[in-house]
Amino acid sequence: VGDFNQLFSIQSVSKPFVFGQALDDHGREVTLNRVGVEPTGEAFNSIVLDEDSNRPFNPMVNAGAIATADLIHGADYPARVGRLLDLFRRYTGRQVYIDNQVFLSERTTGHRNRAIGYLMRNFGMLSDQFEDSLELYFQQCSILVNSHDLAMLGATLANGGLNPVTKERAISAEHVKDVLSIMLSCGMY
């Protein structure tokens with residue numbers, strides 16, 4: 001109904017899906033060593049880490065989203081971007097694209113996210129490729145989706161990680177509950 005096909009940048013809606021990809025790429029233990037699953041009362045862009053573990057509190061705050069972007073496999077940066085786009089293609093059932101203007105804006109104004117990245121790198125929560133991972137995070141927030149795509153993202157999770165239209169697996173069934181749990185407990189920051 002209405003302008004359901006109007007495109008807009010996905011922004012923070014991307015966070016749980018990239019967390020799911022990190023789980024698929026590395027498993028629960030490795031992923032949870034880099035990002036926690038505890039709700040926080042802090043702002044989404046706070047420069048705060050768990051004092052005991054130096055991890056971000058959860059993948060729904062920017063620090064956690066940067067940490068999960070860092071976990072996305074790929075031989076090099078272009079391959080990692082390709083995997084990110086393919087992830088959202090599997091969920092939505094259509095090829096998605098990055099809005100270059102939004103990406104350049106995110107990159108130009110992303111000083112706070114860079115500060116978060118450098119802090120996490122200092123504590124060993126990000127890999128040597130962390131600068132590329134910051135760029136990947138800016139790209140993930142700049143993916144263009146529409147209302148139908150958001151419905152397909154939800155429907156795919158509701159269907160155990162299998163896109164109900166294309167029948168393609170977007171996330172392993174074993175990690176769907178992790179994604180849904182983090183969305184419920186931490187999704188509103």
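The values are calculated or read from the model by the stated rules, or taken from the named source; none is laboratory data. Predicted, not measured: the structure shown is a model, and the values here were computed from it. Every residue, glycine among them, receives a Cβ derived from its backbone with ideal geometry; neighbour counts consider all protein chains shown. We work out accessible area using only protein heavy atoms, side chains counted, and drop any ligands, DNA or RNA first. Shrake-Rupley method; radii C 1.70, N 1.55, O 1.52, S 1.80 Å.
Okay, here's what the table says:
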quantity: Helix 147-158 vs. the chain, principal-axis angle (Cα, 0 to 90°, nearest 10); calculated: 80
quantity: Label-point gap, in nm, between Glu168 and Arg28 - each point 7 angstrom along Cα→Cβ; calculated: 2.8
quantity: Helix-only [θ]222 nm of the chain, DSSP H runs n ≥ 4, -39500 (n - 2.57) each, per residue, nearest 500; calculated: -17500 deg cm²/dmol
quantity: Relative contact order %, the stretch 81-171, counting alpha carbon pairs below 8 Å whose residues are six or more apart; calculated: 39
quantity: Within a Gaussian network of the chain (alpha carbon springs, distance under 10 Å), most fluctuating of Gly20, Gly161, Gly124; calculated: Gly124
quantity: For the stretch 1-134, accessible area per residue (1.4 Å probe, heavy atoms of protein chains only), Å²; calculated: 48
quantity: Relative contact order, percent, the chain [alpha-carbon distance under 8 Å, six or more residues apart]; calculated: 32
quantity: Computed magnitude of the charge dipole of the stretch 30-77 (debye, nearest 20; Cβ of K, R +1, Cβ of D, E -1); calculated: 120
quantity: Convex hull volume per residue for the chain, taking Cα atoms only, in Å³; calculated: 113
quantity: Protein accessible area in the chain, 1.4 Å probe - carbon and sulfur %; calculated: 54
quantity: Residue of Val48, Val179, Val165 that the Gaussian network model of the chain assigns the largest fluctuation, springs spanning Cα pairs under 10 Å; calculated: Val165
quantity: Extension gain (nm, one decimal) between Asp3 and Phe123, 0.36 nm per residue minus Cα-Cα; calculated: 38.7 nm
quantity: FRET efficiency estimate (nearest 0.05) - Cβ-Cβ, Lys177 to Thr108, R0 45 angstrom; calculated: 0.75
quantity: Simple label model, 7 Å out from Cα along Cβ direction - Ile47 to Asp76, nm; calculated: 3.3
quantity: The stretch 149-189, accessible area per residue, ligands and nucleic acids excluded (1.4 Å, Å²); calculated: 51
quantity: For Asp50, residues with placed amide H under 5 Å, excluding near neighbours; calculated: Arg55, Phe57
